Amino acid sequence: MKYQSVVFLGCVTATSAFVPIGFSKPAFKSQLVEEQRHVSTQLHVFDFFKQRASEGVDQLKNLSEKTAQGKLIEGLSDVGKYTQESNAAFADGLAKSRNQLLYNLDDLFNGGGDIIEELEDILLQADLGTKTSLDVMEEVRSLRMDSTEIFSRDDLRSVLRGKLIEALSVRGDVTVEEDCEDFNPQAIRFSQDELPTVLFVMGANGMGKTTTIGKLASRLRNEGNQTVMLAACDTFRAGAVEQLEMWADRAEVECYSPNEQQKTPSAVLYGALDKTINDKIDVLIVDTSGRLSNNEALNEELSKMKRVIQKRLSIEDNADGNVIPNVNTPHETLLVIDAAQGRMALDSSKVWNEEIGVSGLVLTKLDGSARGGSVVAVSRELDIPVKLVGVGEQIADLRDFNPETFVDSLLGIGQAGGGANANEGKALAGRLEEMRKNRDVRAEEKQKAAKKVPVGTSGMEMGGNAIETMSNMNNDAITGEDGNPKKTKNKNKKKKKKKKKGKR
């Protein structure tokens, strides 16, 4: 394949995602060697611009040729340009969400009410989700406990920034091969062996699923130098096949469409898999029928399609000669969600994740939504990483998702948030670290003070020894010399009897 990685026994990372100069494309094999069976590689969502910055190569299509020509300066210049464009795209896309959230936070400090109670309402209104909101509240409470310092607006921003980045930095379903420090959960998984990479894309109607597939195919072909095929498996919606074919033309990739013999989604998918393997195509992107999460019939169709992929890409048989499904495929199951959905995005994503299984999220229509915080709720509560973000209608408007850039854009921090201070994010991160250290110091001092026994003369000051002594005295008063309980006389009862006798 053109997109080869060196196979390590440990972790395969994005730094090995491109072919070295002079590396030839291996012959396609139908059977795989045992060592390569369950290994897949990742590239940070085709963000080859960042790759060039670290490897010292440029961003032109023919990587090997241009690197050999010494285009390093040109490549690094493009890196800076792309970073500025990405920051601007995030800042513009999250403008509505950011303005609303910052307006509410300003009111929080100017209103003079209880910050904790009002903060919870603000976070929930921003569609950040219950779990994330509780995480932020708990962090604020612990940092304010026993502190004599005033909790400022920047202190709150530093907490919000830190907790939201943590919420979006979920690792998802990490395999043994990927479980290492260098693993990037925001990266797309690719096939490491001779089988093609299969990306399975699903979502409800109107979420931007077909558009995302077209943009993704374009980036793969242009930036990753991949051969790509689209599988038009949405046979339910009128015009869906034609729409995907149009995007295939724009991205300059092939599209496998239904025919007289293959009309059902699974049949079309099987034909697309056959052609992908026979033509030695690198990546197959599968378009599926748009549906609501409560449509059981269509959800069952999705499950069936995944089984078709696993059987067709099987690499071994059982003792009876039947194929064993390749559970490592499809390499990605991407769920496309609309940024404007808010809480509905979380509810529907839960159902799809339970019934179908989701490995990554694609956030679309970020450029026109005031509810960008919903992506935090979905990612945090379902433990699914966000991998791609749509920030516009152009074919190039599909960006890699970076938690730090996204959060800074949402909170109006640094250049990503539309500001001029490039170091604002680092300053807030340092402030959070300082507050956490001070909290730990206070907790340690409080624990040491609790271990000290105060000295005094009163019974209360004498502590546990005084209580124990008094308890022993009481026990002696109600037991005899032999240790048995004494029979106590009811003096009040006797007095009453005497009084009655005297009246007679």
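Considering only residues that are buried (at least 24 other Cβ atoms within 10 Å of the Cβ) and under 18 Å from K275 (Cα atoms), which ones fall in segment 200-233?
F200, A217, V228, L230, A231, A232, C233
Examine segment 442-450 for a residue that is open to solvent by 90 Å² or more (accessible area, probe 1.4 Å) and either closer than 30 Å to V376 by Cβ or modelled with pLDDT under 80 (or both), and state whether such a residue exists.
There is no residue in segment 442-450 that is open to solvent by 90 Å² or more (accessible area, probe 1.4 Å) and either closer than 30 Å to V376 by Cβ or modelled with pLDDT under 80 (or both).
Does G208 qualify as being in contact (Cβ under 8 Å) with a residue 24 or more places away in the chain and under 19 Å from the mean Cα position of the chain (by Cα)?
No: the conditions fail for G208.
Quick one: in segment 111-153, of everything that is touching a helix residue (DSSP H, G or I) at 6+ places or on another chain (Cβ under 7 Å), surrounded by fewer than 22 Cβ atoms within 10 Å (Cβ to Cβ) and of a type in the set (D, E), which residue is nearest to L361 (Cα to Cα)?
Looking at residues that are touching a helix residue (DSSP H, G or I) at 6+ places or on another chain (Cβ under 7 Å), surrounded by fewer than 22 Cβ atoms within 10 Å (Cβ to Cβ) and of a type in the set (D, E), I get D135.
Taking segment 386-415, which residues are under 26 Å from S359 (Cβ atoms), open to solvent by less than 30 Å² (accessible area, probe 1.4 Å) and of a type in the set (A, V, I, L, M, F, W, C)?
V386, L388, V389, V391, L398, F401, F406, V407, L410
Find all pairs meeting these conditions: Cβ atoms under 6 angstrom apart; at least six residues apart or on different chains; first residue within segment 357-376 and under 25 Å from F200 (Cβ atoms) and open to solvent by less than 10 Å² (accessible area, probe 1.4 Å); second residue at pLDDT below 75 and of a type in the set (K, R).
none
Taking the condition buried (at least 20 other Cβ atoms within 10 Å of the Cβ) and polar (S, T, N, Q), does Q262 pass?
Taking the combined requirement at face value, the residue does not satisfy it.
What is the residue count in segment 255-269 for residues that are within 31 Å of the chain's Cα centre (by Cα) and not polar (S, T, N, Q)?
3
For segment 154-187, which positions are open to solvent by less than 30 Å² (accessible area, probe 1.4 Å), modelled with pLDDT of 90 or more and of a type in the set (A, V, I, L, M, F, W, C)?
L156, V159, L160, L164, A167, L168
Conditions tested, residue by residue: (1) without any contact (Cβ under 8 Å) to a residue 40 or more places away in the chain; (2) touching a helix residue (DSSP H, G or I) at 6+ places or on another chain (Cβ under 9 Å); (3) of a type in the set (A, V, I, L, M); (4) closer than 19 Å to I395 by Cα.
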residue: Q192; (1), (2), (3), (4): no, yes, no, no
residue: V228; (1), (2), (3), (4): no, yes, yes, yes
residue: F236; (1), (2), (3), (4): no, yes, no, no
residue: A240; (1), (2), (3), (4): no, yes, yes, yes
residue: E252; (1), (2), (3), (4): yes, yes, no, yes
residue: T288; (1), (2), (3), (4): no, yes, no, no
residue: E296; (1), (2), (3), (4): yes, yes, no, no
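State whether one or more residues within segment 208-222 are assigned to a loop (DSSP other than H, G, I, E, B) and modelled with pLDDT under 90.
yes
Is it the case, given these coordinates, that I337 is within 19 Å of K387 (Cβ to Cβ), modelled with pLDDT under 90 and not in a helix (DSSP H, G or I)?
yes
Quickly run through segment 393-412 and pick out the residues that are of a type in the set (A, V, I, L, M, F, W, C), more than 13 Å from I165 (Cα to Cα) and part of a loop (DSSP other than H, G, I, E, B).
I395, A396
The values are calculated or read from the model by the stated rules, or taken from the named source; none is laboratory data. Keep in mind that this is a model prediction, so the values were computed, not measured. Heads up, the Cβs are rebuilt from the backbone with ideal geometry, glycines too, and the neighbour counts pull from every protein chain shown. The protein model used for the area step is the full one, side chains on, heavy atoms only, and it has no ligands, DNA or RNA in it. Shrake-Rupley method; radii C 1.70, N 1.55, O 1.52, S 1.80 Å.
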